[in-house]
1. Helix 52-65 against the longest principal axis of the chain: what's the angle in degrees, Cα atoms only, rounded to the nearest 10?
2. Calculate how steeply helix 4-40 sits against the longest principal axis of the alpha-carbon atoms of the chain, using the helix alpha-carbon long axis, and give the answer as 0 to 90 degrees to the nearest 10.
3. Springs between alpha-carbon pairs under 10 angstrom, Gaussian network model over the chain: which of 165, 42, 154 fluctuates most?
4. Run the helix sum for the chain: -39,500 (n - 2.57) per DSSP H stretch of 4+ residues, divided by residue count, reported at 222 nm to the nearest 500 deg cm²/dmol.
5. What does the highest-first list of 104-110, 158-164 look like by mean Cβ count within 10 Å?
6. What residue among 142, 13, 32 has the largest mean-square fluctuation in a Gaussian network model of the chain, using Cα springs under 10 Å?
7. log₁₀ I(q)/I(0) of region 17-99 at q = 0.19, 0.20 Å⁻¹, via Debye over equal Cα point scatterers, no solvent, to two decimals?
8. Pull up all non-local amide H partners of residue 127: gap of 5 or more, or a different chain, and H-to-H distance under 5 Å with H placed in the peptide plane.
Amino acid sequence: MVNSKGSAIARGMNAVDRFLVLVAQLLLAGMMILTFVNVVGRTFFHKSVPDGLIMSEMLMVAMVFLPLSYVQSVGAHLEVTVLTDLFPVKIQKALFSVGLVLGIVVFSLMTWLGWLSAYDSFKTGGYGFSSVLYIPEWPTRMMIPLGLGWWCLRMLTQLLLPETRPAVADTELRQALDEAGVGSGDDRSSPRP
């Protein structure tokens, strides 16, 4: 059971996650429309949207980085658990916590470096590579530290408040072990180790 403080934090973070995922979904829809218009324009009118490729690339950055915290919250990042599924729950919890610490360290550094790059682009007024429309690149660069920073806060929350971790997902190995009667038999709806 998540305590009231952890519950309030989780609800607040989940609300921000939902907003960031919605923004990413809208950007994906925009990118699809842009690509459609570009293809129709090239096919039938022999003209494409100026800077259409650059805009698509910029939208892709936001679509990748903004939902990272949400993916962490539901435990959907790629994991290789062939060995760790066989470990006792205490060791799994310790390894998950070590992974969170390493993730916080590495991605905090990437957040800081991304911020420096975005700020430098803002100060110097950098534009997208060979942009005909002179599209500034700092908003796109800002999506990187925004998404990574929010993801780091999610990992920090999961480290300090383990009850906010996602429920343990059934993996193919766990299912096979359970069917063979060798599984640990632990409750799959419990928070992740």
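1. 20 degrees
2. 40 degrees
3. Greatest mean-square fluctuation among the candidates belongs to 42.
4. Counting only the DSSP helices, I get -22000 deg cm²/dmol.
5. Descending packing order for the listed peptides: 158-164, 104-110.
6. Greatest mean-square fluctuation among the candidates belongs to 32.
7. -0.86, -0.90
8. Residues meeting the amide H criterion: 137.
Where a number appears in this text, it was derived from the coordinates with a stated rule and is not lab data. Bear in mind that the values here come from a model prediction, so they are computed numbers and not experimental data. For neighbour counting, all protein chains shown are included, and Cβ atoms are generated from backbone atoms with ideal geometry for every residue, glycine included.
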